[in-house]
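Everything on this sheet refers to the single structure shown next.
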Amino acid sequence: MNRLSTSWGEYDLTRFPEDPRDTLRAWSAADAYLLRHLAGDEGDGEPIALDGAVAVVGDRWGALTTALAAHRPVQITDSHLARQATLANLARAGLPADEARLLTTRDTPPERVDVLLVRVPKSLALLEDQLRRIAPALHAGTVVVGTGMVTEIHTSTLELFERIVGPTRTSLARQKARLIFSTPDPELRPGPSPWPHSYVLPDDSGAGAGLTAVNHAGIFCAERLDIGTRFLLEHLPSTSGDAHVVDLGCGNGVLGTAAAVANPEARVTFVDESYQAVASAEATFRANTAAAKGEFVAADALTAMPPDSVDLVLNNPPFHSHQATTDATAQRMFRGARDALRPGGELWVVGNRHLGYHVRLKRLFGNVEVAASNRKFVILRAVRRA
Ligand SMILES: C[S@@+](CC[C@H](N)C(=O)[O-])C[C@H]1O[C@@H](n2cnc3c(N)ncnc32)[C@H](O)[C@@H]1O
């Protein structure tokens, strides 16, 4: 199921964190199509020479980076989970970790790229930001190939490649995947990036009123405040003294920042698996608090947090994307919170009423109560028992 056959070899690939019950593949038809094209196995041309500087942007679970490791690619990802999956997949293939250079979206991109491979991300804003950042490294001879599922490639996606890279066309669809071919035009001047984007929280957004939210491209609710987040801001629990607060799945960090503004003695740790989110949270925190203590961590839920070290966890868990994955993530976040909290410490979760977090929290913590609810959302409070 998880074995990917390529011209470079066969690879057993897993997502991260690895879960034997997970039936979802760590690669897609879009990855396989791109690799066949590069190898010249699609009958659409000669193999692509991969002997220059190869950059792989947006590799979901490291399938492209692992298969192309012999060409020492630079991987650029916004996802801590993707980076960890890549390291695990390289190791499983018996490849040393330094076969690939792993960069995040926040790192300085390579200076020169001869082959640019782009796994199209879900967020158009993230794609725009990534293309703009890497565009200065391209030259007229750079081979640029994008890949994605048909449902992920829209006219707006192709327009971005046209506007930032150069003339663009697409391939035929194969197994519901499509390739994008762009020819770099060194004369193009795509203009300055519109990111990061800032907005001020409205006066009626509870503890968040008047805060400035800073958003890097591609993060959750980068354009406006999420209504679930707003509901939690209206009911934010108070803390005193040097309480350790964690904003878990922090996005732009408005929840943790509001907690720091309400209690400047608090120590707030912001955690997200997206590097863009962690950078946004840091920028939001700095824009609103002068002296408060903040820590900014890219991690999977609370796996990096010492046990019994936290007084309050604020959490608006991920939803939207693939249901099975997001359920598992919420569970991991709740379990991580239980382990990281000190006895008496509290987890506050906001979610859509229908998501059923109530049952899960009761099972994990042995208690849960509704702190607030409205027609759409519920805020649940679970206390870590001794
Ligand atoms: C619903 S958003 C909430 C963002 C922010 N707290 C807010 O309320 O606006 C969920 C966040 O969880 C992050 N996330 C998803 N999976 C994660 C994981 N395994 N570990 C840490 N954060 C994760 C997402 O990147 C996203 O920023």
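Quick notes on this one:
- The chain, dipole about Cα centre (Lys/Arg Cβ +1, Asp/Glu Cβ -1), debye to the nearest 20: 1040
- Residues W61, W27, ranked from the fewest to the most other C-beta atoms within 10 Å, line up as W27, W61.
- Kirkwood estimate for the stretch 12-90, i.e. one over the average of 1/r between Cα atoms, Å: 13.2
- Helix-only mean residue ellipticity at 222 nm for the chain, each DSSP H run of n ≥ 4 adding -39500 (n - 2.57), per residue, nearest 500: -8500 deg cm²/dmol
- DSSP bridge pairs, the stretch 271-386: antiparallel proportion in percent, nearest 5: 60
- Overall Cα dimensions of the chain - principal axes, largest extent first, Å: 65, 45, 38
- Between the residues S7, T86, S123, the greatest Cα displacement towards the positive end of the dipole of the stretch 2-182, with unit charges on the Cβ of Lys, Arg, Asp and Glu, is found for S123.
- Seen through its C-alpha gyration tensor, with square-root eigenvalues sorted a ≥ b ≥ c, the stretch 197-383 comes out rounded because a/c lies under 1.5.
- Nonlocal amide H pairs with F270, under 5 Å, H built at 1.01 Å: D247, E295, F296, V297
- In summary, the lysines within cross-link reach of K376, defined as a Cα separation below 24 angstrom excluding same-chain residues under 8 places away, comprise K362.
- DSSP bridge analysis restricted to the chain gives an antiparallel fraction near 45%, rounded to the nearest 5.
- Of the residues S309, S373, L341, the one whose Cα sits farthest toward the positive end of the charge dipole of the stretch 197-383, with +1 on the Cβ of Lys and Arg and -1 on the Cβ of Asp and Glu, is S373.
- Principal axis extents of the Cα atoms in the stretch 2-182, from largest to smallest and rounded to whole angstrom, are 42, 34, 30.
- Order of F296, F334 - criterion: other Cβ atoms within 10 Å of each residue's Cβ, fewest first: F296, F334
- Projected label distance in nm at L188 and T303, using a 7 Å step from Cα toward the beta-carbon: 3.6
- Taking each residue as 0.36 nm, the span from A173 to A291 lengthens on full extension beyond its C-alpha to C-alpha distance by 37.1 nm.
Every read-out reported here was derived from the displayed coordinates using simple, explicitly stated rules and does not represent laboratory data. Quantities reported herein were computed from a predicted structural model and do not represent experimental measurements. Because the Cβ atoms are built from the backbone with ideal geometry, glycine has one as well, and the counts that use them run over all protein chains shown.
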